[in-house]
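A.B. asks: Let me begin by handing over the structure; questions about it come next.
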Amino acid sequence: MSSAVREEFPWLIEPPAAERLKMGDAADDRGMRRTFIVPAIKSFDHYDFTRAKISCSLTWLVAKAFGSDAVPEELAEPLYRDQYNQEHLKPTVASLLQSAELYCRAGSLILRSDAVKPLLGHNAVIQALAQKGLYVTDQDRLVTERDLTSLPIHMSSHLAFIDTLMMAYTVEMVSVERVMYQHWQIHVR
């Protein structure tokens, strides 16, 4: 490349410093090595889909109940490993699921429940979801409060409940996006 082109268009050769920082250019570090911690990638045969579903669903529910920036430390990881390297649901998380506290907090925020009439109990959240046309079902049968409070815990019922809350959240977000888009089309064009 000619020197005239280099002088006129220096970013063709080397991006500006701000861009190098955005791109994470290792050449900027002059002598420093970057190391990244990469989690172990399990083969498809050894991946535990059920455990991943439980962990992700509970993490999502806790984040919606408390806000992603205010999750209590003891609830940040819903599962723990025992001395035999077996994973279990933390007792605190289990009791919050059975008491409906997480569902009521998350449901009130997601379903925009009135402050005058807060959601109290599993049935209140289930009814609020039903009013939106969303029904909590596990293997083609409606989930009841009895399913959600039973011991030992029926994890499939809780996962069905969380999935339905996720659907409600998605519907709310899509509705807000649609309204904002329509507003933009009317007022900006």
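The values are calculated or read from the model by the stated rules, or taken from the named source; none is laboratory data. Worth saying up front: this structure is predicted, and the values here are computed from it rather than measured. Cβ: placed from backbone, ideal geometry, glycine included. Neighbour counts: every protein chain shown. Each accessible area value is taken on the protein alone, full model and side chains, heavy atoms only, with ligands, DNA and RNA left out. Shrake-Rupley method; radii C 1.70, N 1.55, O 1.52, S 1.80 Å.
A.B. asks: Quick check for you: with a 1.4 Å probe and neighbouring chains kept, what is the accessible area per residue of region 47-187, in Å²?
C.D. replies: In whole numbers, region 47-187 has 62 Å² accessible per residue.
A.B. asks: Around R141, under 15 Å between beta carbons, what's the net of Lys plus Arg minus Asp minus Glu among the other residues?
C.D. replies: Once all neighbours under 15 Å are counted, the net charge is -4.
A.B. asks: Let me ask something else. For region 47-187, what is the convex hull volume of the alpha-carbon atoms per residue, in Å³?
C.D. replies: 152
A.B. asks: What's the ranking of 68-74, 58-64 by average number of surrounding C-beta atoms within 10 Å, highest first?
C.D. replies: The packing order, highest mean first, is 58-64, 68-74.
A.B. asks: Right, here's the next one. Can you tell me the length gained on complete extension of the stretch K53 to F66, counting 0.36 nm per residue apart and subtracting the Cα distance?
C.D. replies: Length gained between K53 and F66: 2.7 nm.
A.B. asks: Positive end of the dipole of region 47-187, charges at C-beta (+1 Lys, Arg; -1 Asp, Glu), about the Cα centre: which of Q131, L61, V174 has its Cα farthest in that direction?
C.D. replies: Of Q131, L61, V174, it is Q131.
A.B. asks: Here is a follow-up. Quick check: net charge around M166, other residues with Cβ under 14 Å of its Cβ, Lys/Arg +1 and Asp/Glu -1?
C.D. replies: Counting the neighbours of M166, the net charge comes to +1.
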